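Colleague: Here it is, the structure, as structure tokens.
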Amino acid sequence: MKVLIINKFLYSRGGDCIYALNLSRLLCNAGHETCFYAMDYSHNIPCKESKYFAEEIDFSATNLFGKIKAVSRIIWGTGVTKSFEKLLDEFQPSIVYLNNIHSYLSPIVAKIACKKGIKVIWTLHDYKLICPSYNCLCNGKVCEVCLTNKKNVVLRKCMKNNLLASVLAWGEAVNWNKDKLSAWTDTFICPSHFMANKMQQGGYPADKLQVISNFIGEEQAEYIKTTTCPAQEKAYAYIGRLSREKGIDSLLKAASQLPYRLYIAGTGPLEAELKKKYTANNIVFLGHLTMEDTINLLRKVCFTVIPSVCYENNPLSVIESLCCGTPVLGRDIGGIPELLESDNCNLLFTQDEALPALITKMFDTVVSNNRNELSATSLRRFSSEQYYRKWLKIVE
């Protein structure tokens, strides 16, 4: 097969980008041919097809022309069609494989591929297709009102608590609506049953929804299997974006009450604020880590915490932790429970007030945990080979 993989960015920026890159490696190793389509961006990895990438747009542009370009890209996909059609004509894919495409690219790529008779598969990494503001949150609390009526994004100013941004998100949702996207897409791959259920609630046809959990990249798995484990430290870790929806402030508040060391790996809009607010010696901010450093950290600590207050889909941070043999304390929300229910060394929580006691309990629990067994089981459960077998059944 020839698979054209589309994502708005093409570097190790977040879960969607990592998935796209890992999927390409997996398919190439299985004998298929892949290429990418993305927005032209300075951080993208070099690739021969980058000459076809959509022109970069800047949502922070202060000049009128830049703002018009950004709005046009969101609502109509302006600046995408010609370059995408040229790549389709040259590469002649049998499958166009969508990932995170809204705003910086556009769902117009699904329309173009469908009209050319090319199979369209779409892996969903967030809730954008049912929630105009991506994460089913409004003012920091879970919100589902847009599943049935998208005008609520304007009424509630869900997008950045800004009326204009919310109107733009509404216009995008109305133009690229579920009827069009369902018609243009052969299959939506949902990484969690939770997401598949929400997609059905949002009006997407059940027969177009397939569930496959995300997988650990082959490079990551090989590093875990072949490198020596560092000495374990009585510490725990958070790995992810430093933003409100991730619940990081709740975790840091709990950590400040405890004597154990907490490592924070990641960056985000709250980074400076959190560093200033939490200055205790037992809270260590590490910034962005490489793949190798992330795995070394996961194997060094006793467990990780996933305190998200939003509907997490199928977080790679949980999968990576389990594959390293590191148990997880996760909030009982979204797709997180699906990843943790099969191993009794993990714990779930619902209330922030319970965090200090549960963190202490985790330290007591992990003493008897067989980390090698958890790692081996998880590496099989989330292996690229298993993912590929399920993926192949869907696309064929």
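The values are calculated or read from the model by the stated rules, or taken from the named source; none is laboratory data. Computed from a predicted model, the values in this text were never measured in an experiment. Counting neighbours? That spans all protein chains shown, and the Cβs are built from the backbone with ideal geometry, glycine included. Calculation scope for accessible area: heavy atoms of the full protein, side chains included, ligands and nucleic acids excluded. Shrake-Rupley method; radii C 1.70, N 1.55, O 1.52, S 1.80 Å.
Colleague: Which members of the range 43-71 meet the condition of being more than 23 Å from residue 85 (Cα to Cα), of a type in the set (Phe, Trp, Tyr) and in a loop (DSSP other than H, G, I, E, B)?
Modeller: 59
Colleague: Could you tell me which residue of the range 266-286 is nearest to residue 249 (Cα to Cα), considering only residues that are free of Cβ contacts under 8 Å to residues at least 12 places away in the same chain and out of contact with any Phe, Trp or Tyr (no Cβ under 6 Å at 6 or more places or on another chain)? Give the derivation first.
Modeller: The first filter runs over the range 266-286 and keeps only residues free of Cβ contacts under 8 Å to residues at least 12 places away in the same chain, leaving 272-273, 275-276, 279, 281.
Imposing the further condition that a residue be out of contact with any Phe, Trp or Tyr (no Cβ under 6 Å at 6 or more places or on another chain) reduces the set to 272-273, 276, 279, 281.
Details: 272: 12, 273: 10, 276: 12, 279: 13, 281: 17 Å.
Residue satisfying both the conditions and the ranking: 273.
Colleague: When you scan the range 379-393, do you find a residue that is surrounded by 15 or more Cβ atoms within 10 Å (Cβ to Cβ), farther than 30 Å from residue 2 by Cβ and of a type outside the set (Lys, Arg), even just one?
Modeller: no
Colleague: While we're on this one: Report yes if some residue within the range 116-128 is in a helix (DSSP H, G or I), in contact with a Phe, Trp or Tyr (Cβ under 9 Å, 6 or more places away or on another chain) and open to solvent by 20 Å² or more (accessible area, probe 1.4 Å); otherwise report no.
Modeller: Going residue by residue through the range 116-128, those that are in a helix (DSSP H, G or I) are none.
There is no residue in the range 116-128 that is in a helix (DSSP H, G or I), in contact with a Phe, Trp or Tyr (Cβ under 9 Å, 6 or more places away or on another chain) and open to solvent by 20 Å² or more (accessible area, probe 1.4 Å).
Colleague: Among the residues of the range 279-311, count how many are in a loop (DSSP other than H, G, I, E, B) and within 29 Å of residue 134 (Cα to Cα). Give the derivation first.
Modeller: Taking the range 279-311 first, the residues in a loop (DSSP other than H, G, I, E, B) are 279-282, 288-290, 301-302, 307-311.
Those left that are additionally within 29 Å of residue 134 (Cα to Cα): 288-290, 307-311.
Looking only at that region, the number is 8.
Colleague: In the same structural domain as residue 340 (by the TED database), open to solvent by 10 Å² or more (accessible area, probe 1.4 Å), part of a helix (DSSP H, G or I) and in contact (Cβ under 8 Å) with a residue 24 or more places away in the chain: is that true of residue 198 in this structure?
Modeller: On the way: in the same structural domain as residue 340 (by the TED database): no; open to solvent by 10 Å² or more (accessible area, probe 1.4 Å): yes; part of a helix (DSSP H, G or I): yes; in contact (Cβ under 8 Å) with a residue 24 or more places away in the chain: yes.
No, not satisfied.
Colleague: Hey, could you check the range 153-172 for residues that are in contact with a helix residue (DSSP H, G or I) (Cβ under 6 Å, 6 or more places away or on another chain), free of Cβ contacts under 8 Å to residues at least 24 places away in the same chain and more than 26 Å from residue 249 (Cβ to Cβ) and say which is least open to solvent (accessible area, probe 1.4 Å)?
Modeller: Here the answer is 154.
Colleague: Further, regarding this structure: Please name all residue pairs, on different chains or six or more residues apart, with Cβ atoms under 6 Å, provided the first residue is in the range 51-69 and is without any contact (Cβ under 8 Å) to a residue 60 or more places away in the chain and the second residue is basic (Lys, Arg) and surrounded by 15 or more Cβ atoms within 10 Å (Cβ to Cβ).
Modeller: Note: pairs meeting the criteria are 57/69; 57/73; 61/67.
Colleague: Could I ask something else about it? Residue 302 passes all but one of (1) open to solvent by less than 40 Å² (accessible area, probe 1.4 Å); (2) under 24 Å from residue 143 (Cβ atoms); (3) touching a strand residue (DSSP E or B) at 6+ places or on another chain (Cβ under 9 Å); which number fails?
Modeller: It is condition (2) that residue 302 fails.
Colleague: Looking at (1) small (Gly, Ala, Ser); (2) more than 22 Å from residue 315 (Cα to Cα); (3) touching a residue at least 12 places away in the same chain (Cβ under 8 Å), find the lone condition where residue 192 falls short.
Modeller: (2)
Colleague: Does residue 350 satisfy the condition of being polar (S, T, N, Q) and either over 26 Å from residue 126 (Cβ atoms) or open to solvent by less than 50 Å² (accessible area, probe 1.4 Å) (or both)? Full working, then the answer.
Modeller: On the way: polar (S, T, N, Q): yes; either over 26 Å from residue 126 (Cβ atoms) or open to solvent by less than 50 Å² (accessible area, probe 1.4 Å) (or both): no.
No; evaluated as a whole, the condition is false for this residue.
Colleague: Based on this model, can you work out whether residue 317 counts as buried (at least 20 other Cβ atoms within 10 Å of the Cβ), touching a residue at least 40 places away in the same chain (Cβ under 8 Å) and in a helix (DSSP H, G or I)? Outline the logic, then answer.
Modeller: On the way: buried (at least 20 other Cβ atoms within 10 Å of the Cβ): yes; touching a residue at least 40 places away in the same chain (Cβ under 8 Å): yes; in a helix (DSSP H, G or I): yes.
The answer is yes for residue 317.
Colleague: Take the range 237-249 and flag every residue that is touching a strand residue (DSSP E or B) at 6+ places or on another chain (Cβ under 9 Å), open to solvent by 20 Å² or more (accessible area, probe 1.4 Å) and not in a loop (DSSP other than H, G, I, E, B). Quick ask: steps written out before the conclusion?
Modeller: Restricting attention to the range 237-249, the residues satisfying the condition of being touching a strand residue (DSSP E or B) at 6+ places or on another chain (Cβ under 9 Å) are 237-240, 242, 244-248.
Then drop every residue that is not open to solvent by 20 Å² or more (accessible area, probe 1.4 Å), which leaves 239-240, 244-246.
Those that are touching a strand residue (DSSP E or B) at 6+ places or on another chain (Cβ under 9 Å), open to solvent by 20 Å² or more (accessible area, probe 1.4 Å) and not in a loop (DSSP other than H, G, I, E, B): 239, 244, 245, 246.
Colleague: Given 44, 29, 22, which one is surrounded by 15 or more Cβ atoms within 10 Å (Cβ to Cβ) and in contact (Cβ under 8 Å) with a residue 60 or more places away in the chain? It would help to see each step written out before you state the result.
Modeller: Details: 44 fails: in contact (Cβ under 8 Å) with a residue 60 or more places away in the chain; 29 fails: surrounded by 15 or more Cβ atoms within 10 Å (Cβ to Cβ).
Just a single option satisfies the conditions, and that option is 22.
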